[in-house]
Amino acid sequence: MTLTKNEFTTKLVTWLMDNLKTKYPDYQIDIVVKPGTLSKASDPKIKKIENYSFLEFEPDVIAILEHKTTKEIELVLLNRELKTYGVREIGEMLCFCRLTKPKHAFMVSLRGLSPDVNKMINHEKNHDIITFDSKTIKIFRWDETDDSIDKLSITPIGSTSLF
């Protein structure tokens, strides 16, 4: 059984919403699939992000978190792939993260990381490729059989507390 990109996206949106609602009850959460170029977004919440006009990229999924009291806006980025993730895709997400400074960033694949990238990040402990500010991009494989996160695939190793 192989999921289509749309089926995979639907499962990830459900997972993301459930995860964020549990972790951030003080926030109103909106999830947008394929929001288009963020700098051209018509959503007034996105326009509240500092320097949003420089956000010339299109994430696969964004969660917009608005604090219920302060009205502060934070983003969560999620990109997904049916194939393995390599350096190119991680570099692209790292650029997105450095521009938006999201609360969280996730990269989810049906196939996980390429063996070379997995070795570099998890075995050689080279986290520079996934680090922005003082945070890291979380990468994991979606297990189609169990219809859930493959907890053994979470990268970097040891960052399972968010899940």
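No value in this document is a laboratory result; all are computed from the given coordinates. This structure is a prediction, so every number in the text was calculated from the model and none was measured. Heads up, the Cβs are rebuilt from the backbone with ideal geometry, glycines too, and the neighbour counts pull from every protein chain shown.
Can you tell me which residue among Glu89, Glu74 is in a helix (DSSP H, G or I) and within 15 Å of the chain's Cα centre (by Cα)?
Being in a helix (DSSP H, G or I) and within 15 Å of the chain's Cα centre (by Cα) holds for just one of Glu89, Glu74, which is Glu89.
Give the residues of region 143-163 that are part of a helix (DSSP H, G or I) and among the charged types (D, E, K, R), sorted by residue number.
Lys151
Go through the residues of region 24-45 one by one and say whether even a single one is in a helix (DSSP H, G or I), surrounded by 13 or more Cβ atoms within 10 Å (Cβ to Cβ), of a type outside the set (D, E, K, R) and over 18 Å from the mean Cα position of the chain (by Cα).
Within region 24-45, one or more residues are in a helix (DSSP H, G or I), surrounded by 13 or more Cβ atoms within 10 Å (Cβ to Cβ), of a type outside the set (D, E, K, R) and over 18 Å from the mean Cα position of the chain (by Cα).
All but one of (1) under 13 Å from the mean Cα position of the chain (by Cα); (2) without any contact (Cβ under 8 Å) to a residue 12 or more places away in the chain hold for Asp146; state the number of the condition that does not hold.
With (1) under 13 Å from the mean Cα position of the chain (by Cα); (2) without any contact (Cβ under 8 Å) to a residue 12 or more places away in the chain applied to Asp146, the lone miss is (1).
Mind counting the residues in region 65-78 that are touching a helix residue (DSSP H, G or I) at 6+ places or on another chain (Cβ under 8 Å) and either more than 23 Å from Glu89 (Cβ to Cβ) or free of Cβ contacts under 8 Å to residues at least 12 places away in the same chain (or both)?
3
So how many residues does region 117-142 have that are assigned to a helix (DSSP H, G or I), in contact (Cβ under 8 Å) with a residue 12 or more places away in the chain and either of a type in the set (D, E, K, R) or farther than 24 Å from Gly36 by Cα (or both)?
Qualifying residue count for the region: 5.
Just checking, which of Phe106, Phe96 is closer than 25 Å to Asp150 by Cα, of a type in the set (Phe, Trp, Tyr) and in a helix (DSSP H, G or I)?
The conditions single out Phe96.
Taking only region 77-86 into account, find how many residues are in a loop (DSSP other than H, G, I, E, B) and in contact with a Ser or Thr (Cβ under 6 Å, 6 or more places away or on another chain).
2
Of everything in region 121-137, what is surrounded by 18 or more Cβ atoms within 10 Å (Cβ to Cβ) and farther than 14 Å from Glu89 by Cβ? Give them in sequence order.
Within region 121-137, Asn122, Phe132, Thr136 meet the criteria.
Are any residues in region 1-23 part of a helix (DSSP H, G or I), β-branched (Val, Ile, Thr) and touching a residue at least 12 places away in the same chain (Cβ under 8 Å), and if so, which ones?
Hits for region 1-23 are Thr9, Val13.
Quick one: in region 46-90, of everything that is hydroxyl-bearing (Ser, Thr, Tyr) and surrounded by fewer than 20 Cβ atoms within 10 Å (Cβ to Cβ), which residue is nearest to Asp143 (Cα to Cα)?
Among those residues, the one meeting the criterion is Thr84.
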